[in-house]
1. Among the residues of the range 40-54, what is the count of those that are outside any strand (DSSP E or B) and farther than 19 Å from Asp342 by Cα?
2. Any idea which residue in the range 132-141 is farthest from Pro169 (Cα to Cα), counting only those that are open to solvent by 70 Å² or more (accessible area, probe 1.4 Å) and either part of a loop (DSSP other than H, G, I, E, B) or in contact with a Lys or Arg (Cβ under 9 Å, 6 or more places away or on another chain) (or both)?
3. Within the set of pairs 6+ apart or on separate chains, which have a first residue in the range 378-399 that is touching a residue at least 12 places away in the same chain (Cβ under 8 Å) and closer than 30 Å to Tyr357 by Cβ, a second that is part of a loop (DSSP other than H, G, I, E, B) and of a type in the set (A, V, I, L, M, F, W, C), and C-beta atoms under 6 Å apart?
4. With respect to Glu87, is the statement that it is under 28 Å from Met435 (Cα atoms) and open to solvent by 40 Å² or more (accessible area, probe 1.4 Å) true?
5. I'm trying to understand the selection: among the residues of the range 211-263, which are aliphatic (A, V, I, L, M) and either part of a loop (DSSP other than H, G, I, E, B) or surrounded by 15 or more Cβ atoms within 10 Å (Cβ to Cβ) (or both)?
6. Give the range 277-324 a look and list any residue that's farther than 30 Å from Val258 by Cβ, out of contact with any Pro (no Cβ under 9 Å at 6 or more places or on another chain) and either among the hydrophobic types (A, V, I, L, M, F, W, C) or not in a loop (DSSP other than H, G, I, E, B) (or both), or say none.
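The values are calculated or read from the model by the stated rules, or taken from the named source; none is laboratory data. What you are looking at is a predicted structure, and each value in this text was computed from that prediction instead of being measured. Cβ sites come from the backbone with ideal geometry, for glycine too, and all protein chains shown count toward neighbours. Protein only, heavy atoms only, side chains kept; ligands, DNA and RNA dropped before computing areas. Shrake-Rupley method; radii C 1.70, N 1.55, O 1.52, S 1.80 Å.
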Amino acid sequence: MVSILIVSLITNIWEVNCYSRFDSGNCDDLWLLGEVAMDDCCLNPHYGYIGADGKCKYCGPPSWSEWTAWGRCSVSCKEGVSQRRRECQGQGKCAQATIPREIQKLSLETKVCSDSNCCPEQGQWSKWGQWQPCSVTCNKGVRNRVRTCTEPQPRCGGSCDGPSEEKEPCVVDRICPTHGSWSNWESWQPCSGTCGGENLPRPTQRRNRSCNNPPPSSVPPGDECPGLGSNTRTCDELPFCPVNGNWGQWGPPSSCSVTCGVGIHEMLRQCNNPAPKHGGLPCSGSNKDQKICNTKLHCPVDGQWSQWGKWEECKSNRGKIRCRKIGGQQRRQRWCEHTGFDGKTCKGQITDYRACYDITFCDFDGKWSEWSEWSQCEPPCGEGAKMTRERKCIPDLSEYDETVGFHIKVKAYFEGKPFANCTLLKDPKQSLACMNVPPCDT
């Protein structure tokens, strides 16, 4: 029997902020519908809402999110580890995630990493150089001296501690003249008129500044400020006298934006009572208003395929085929789950078939495989994390045809666990400790 996941069966009567779109764990304010009861929001399995923990929740069936990108290495040099995560989104628990240890294993992965083969080494400064000449020819200035990070030079991105340059005040026994400098321009004075009109003289406005920032010295004599102390311009940009806009009446509300779940009504108004003219201010506020509408109808819930079941026994209508070079057939099945409220059924086949040989408990000569790749760190966090690799004794199946069939040849798979006889190997499995693994989340 197909299991139907209906979010609204969970009795949630509190009000939540409801969003018409759930985007990879984010509830964007652009899609905010308003505040409704949680079970009303989740009448649509594509919607999301803000939970009691402040996070965006998904109204649909439970499923794992995509893995995040691998994180930065846990150390900046030599060997460390990198981690990536994913989370279970939707209503209920994801498949195979029933106890904390299984949830952590399904939601966290750890691998070995190395950003740099060496660690930074600091350098040492040379002796200070000679003091440079004073920066001015009169009164007070500064002089400086430098040193280099070369005794020895830093390695692997290291540096020297402290500054490479040192400064100190210096005095030249001569008084400097003070040249005059303008103050900032004062603000423009008001125009001589407030509105421009046809066939009338253009209004003007004026601004001033003073030679006092600083004023020129007398002994020794300083230069006066260059230029003029006032400026006049015409008010060319004066508009006609403005008419500010005002809103007209609200129009009738539109029909509900959705046919199921929660949507919105929209009302419009125009800035025409009167419309703004000659640079007058536009109407303040929005020309739209929205209110929530609730159809009280559940939206369709489309079906999702379950995981494929295990392959069944390899059989043939020609009798027993175990340990014989006679091809057979085996099948596996899956189920279309969660379909409800006239949602679409799953596309594809419910049953899968493949050609096979039954080699269960059959004796074969064997040979050792090459070393496998190093596994990921287990456990993925905390102390005692290790990575492993191994060699396996694999049976020699070269006497079996790779394909079976009379008219159409198809690839054949081997079903069952045979006995493979290999020469004795001293150590077919190796393990290494993972370095700098972060502690587990509490």
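1. Step one: of the range 40-54, the residues outside any strand (DSSP E or B) are 40-47, 51-54.
Now restrict to residues that are farther than 19 Å from Asp342 by Cα: 51-54.
Adding up the residues that qualify gives 4.
2. Keep residues of the range 132-141 that are open to solvent by 70 Å² or more (accessible area, probe 1.4 Å), which gives 132-133, 135, 137, 139-140.
Then drop every residue that is not either part of a loop (DSSP other than H, G, I, E, B) or in contact with a Lys or Arg (Cβ under 9 Å, 6 or more places away or on another chain) (or both), which leaves 132-133, 135, 137, 139.
Values: Gln132: 12, Pro133: 11, Ser135: 9, Thr137: 13, Asn139: 11 Å.
Out of the qualifying residues, it is Thr137.
3. Arg389/Trp371; Arg389/Trp374; Arg391/Trp371; Cys393/Cys422
4. Numbers: under 28 Å from Met435 (Cα atoms): yes; open to solvent by 40 Å² or more (accessible area, probe 1.4 Å): yes.
Judged against the criteria, Glu87 is a match.
5. First, the residues of the range 211-263 that are aliphatic (A, V, I, L, M): 219, 228, 238, 243, 258, 262.
Val219, Leu228, Leu238, Val258, Val262, listed by residue number.
6. If we filter the range 277-324 for residues that are farther than 30 Å from Val258 by Cβ, which is where we start, we get 277-282, 284, 307-324.
Next cut, out of contact with any Pro (no Cβ under 9 Å at 6 or more places or on another chain) only: 284, 307-322, 324.
Trp308, Trp311, Cys314, Lys315, Ile321 - these are the residues of the range 277-324 that are farther than 30 Å from Val258 by Cβ, out of contact with any Pro (no Cβ under 9 Å at 6 or more places or on another chain) and either among the hydrophobic types (A, V, I, L, M, F, W, C) or not in a loop (DSSP other than H, G, I, E, B) (or both).
Residues checked against (1) more than 33 Å from the chain's Cα centre (by Cα); (2) of a type in the set (Lys, Arg); (3) open to solvent by less than 70 Å² (accessible area, probe 1.4 Å):
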site	(1), (2), (3)
Phe341	yes, no, no
Ile359	yes, no, yes
Lys367	yes, yes, no
Ser372	yes, no, yes
Pro380	no, no, yes
Glu383	no, no, no
Met387	no, no, yes
Arg391	yes, yes, yes
Asp396	yes, no, no
